[in-house]
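I have placed the structure first, in the form of structure tokens, so that the comments after it can refer back to it.
Nothing in this text is a laboratory measurement; each read-out follows from the coordinates by a stated rule. Being a predicted model, the structure only gives us computed values, none of them experimental. All Cβ positions, glycine included, derive from the backbone under ideal geometry; neighbour counts span all protein chains shown.
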Amino acid sequence: MKTTIKAQGQGAILFFNDQRKFGWVQLFTPEDLKTFQKHLGHDIFDPKFTPEYIFSQLQRSSRAVKQVLLDQNFFAGIGNIYANDALFLSKIHPATSAKEVSQAQCKKIHQHLIDIMRQSVAAGGSTMKDNKYVRPDGSFGGNQFYFRVYQRAGEPCLVCQTKIKRMVIGGRGTFYCSHCQK
Ligand SMILES: [Zn+2]
């Protein structure tokens, strides 16, 4: 989808190219924006995004932990790549009930999500095979070379060499190592 929006009186043009069709653009009044933001979870880089916060949010749901990490009403800004790889690094099976995730595991999820996100930002984001994600200057991101399990189905686990598996959770491709993630 490509959308061109002219902000009133400013002459600004917003070019929106959504590679996965999950994105959208909406114009808010300041009041409506506040209401909308009330329903969002904390962002990874928000100081309120702590291991305790992750634990309290996960306790609210018995859905798969992977699905809850992607739910913007619980956490804002965690994409599919980052949820997959953070669960792999934390050695948590993606289908684990969110309620069953321990406080110690939430500490790991917290640390790995922040590390992965920092690394991705430093690498300029992730450009997939379709080359649709480009940076403002038109160049490609470099984070796709650091994926641990995301889109690596059939390839060996970087830790134990077991073949990475793929399943679908909440309609999204989910990648994991059946040996490392119990
Ligand atoms: Zn493994």
How big is the gap, in Å, between the Cα center of region 58-98 and the Cα center of region 144-182?
14
Which value, in debye to the nearest 20, gives the size of the charge dipole of the chain about its Cα centre, when Lys and Arg are +1 and Asp and Glu are -1 at the Cβ?
540
From DSSP H assignment alone, runs of 4+ in the chain each adding -39500 (n - 2.57), the sum over residues rounded to the nearest 500 puts [θ] at 222 nm at -9000 deg cm²/dmol
Short version: ³J(HN,Hα) in whole Hz for each residue of region 168-182, in order, from phi by Karplus 6.51 cos²θ - 1.76 cosθ + 1.60 (θ = phi - 60°), x for Gly and Pro, what are they?
10, 10, x, x, 10, x, 10, 10, 7, 9, 5, 8, 7, 10, 8
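Chymotrypsin sites (Phe, Trp or Tyr not before Pro), restricted to region 11-43: which are DSSP loop and have at most 16 other Cβ atoms within 10 Å?
Phe22, Trp24, Phe28
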Taking the number of other C-beta atoms within 10 Å as the exposure measure, put Ile13, Ile92 in order starting with the fewest.
Ile13, Ile92
Only Cα pairs within less than 10 Å get springs; with that Gaussian network setup on the chain, which residue of Gly142, Gly125, Gly171 has the largest fluctuation?
Gly171
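Are there trypsin sites (Lys or Arg not before Pro) in region 107-167 that DSSP puts in a loop and that have at most 14 other Cβ atoms within 10 Å, and which ones?
Lys129, Lys132
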Over the Cα atoms of region 2-176, what radius of gyration and what Dmax do you get, in Å?
17.6, 58
Overall dimensions of region 23-94 by Cα: Rg and Dmax, Å
13.5, 43
Taking every DSSP beta bridge that has both residues in the chain, what percent is antiparallel when rounded to the nearest 5?
85
Fewest-first ordering of Leu27, Leu113 by Cβ atoms within 10 Å yields Leu27, Leu113
By counting other Cβ atoms within 10 Å of each Cβ, how are Ile169, Ile54 ranked from fewest to most?
Ile169, Ile54
